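The block underneath contains the structure these notes are about, expressed in structure tokens.
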Amino acid sequence: MKESKLMSVSAIQNGTVIDHIPASSLFKVIQILRLDRIENQITFGTNLESDKLGRKAIIKISGVFFEDEDINRIALVAPDAKLNIIKDYEVVEKKVVEVPDNIIGIAKCMNPKCITNFENVITRFRVVSKKNVALKCHYCEKITTQENMSII
Ligand code: CTP
Ligand code: ZN
């Protein structure tokens, strides 16, 4: 850790720092990772200056190390997120998120006639494009793109 740099949110001893979250996606990331249900110490900052994103958010979760499968669920709302694994105050690993092959829950199907929109059925999609995310619904086969995607 560089001593000279000012940190907007205090350093943590052990855990995960998720950086480069678009500010507008902060609460979606909290929801997707179910951070409201864990008892660990969590700090976050939002509307921080970022050259790349305009306004970014950062989340620091003490004592939690996520499985790749779980963390990749945030790729739909924070495709440029960077993970820093912290042990004994040092960054021991950096990871980027990857859009998974299948998405269960998280997104709504854009087809108003889809069963998932009028019955209590969890959405399921196959990711048919990872760059400009496009999801094919398991139930109605319609494509939901990033532009018309809403998060549950
Ligand atoms: N961090 C932290 N606690 C620590 C060490 C680092 O919260 N004990 C945070 C830093 O605030 C930063 C992130 O982890 O947001 C990555 O740390 P570092 O690699 O030192 O910063 P940068 O070089 O700015 O990383 P990058 O450019 O990859 O974002
Ligand atoms: Zn559907």
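The values are calculated or read from the model by the stated rules, or taken from the named source; none is laboratory data. Everything numeric here is computed off the predicted structure, so don't read it as measured data. Don't worry about glycine lacking a Cβ; one is built from the backbone with ideal geometry, like all the others, and counts go over all protein chains shown. Please note that ligands, DNA and RNA were not included when accessible areas were found on the heavy atoms of the full protein model with its side chains. Shrake-Rupley method; radii C 1.70, N 1.55, O 1.52, S 1.80 Å.
Its alpha carbons considered, segment 1-86 gives a radius of gyration followed by a Dmax of 12.3, 35 Å.
Name the chymotrypsin sites (Phe, Trp or Tyr not before Pro) in segment 63-152 that are in a loop by DSSP and that have at most 16 other C-beta atoms within 10 Å, would you? Walk me through the numbers on the way to the answer.
On the way: sites: Phe65, Phe66, Tyr89, Phe118, Phe125, Tyr139; in loops: Phe65, Phe66, Tyr89, Phe118, Tyr139.
Answer by residue number: Phe65, Tyr89, Phe118, Tyr139.
Counting charges near Asn72 (Lys, Arg +1; Asp, Glu -1) among other residues having Cβ under 14 Å from its Cβ returns a value of -3. Met110 exposes around 80 Å² of accessible area when a 1.4 Å probe is run over every protein chain in place.
For the chain, the 222 nm mean residue ellipticity estimated from helices alone, with every DSSP H stretch of n ≥ 4 adding -39500 (n - 2.57) and the total spread over all residues, rounds to -1500 deg cm²/dmol.
Estimated from the Cβ-Cβ distance and a Förster radius of 22 angstrom, the FRET efficiency linking Asp70 and Thr43 is about 0.65.
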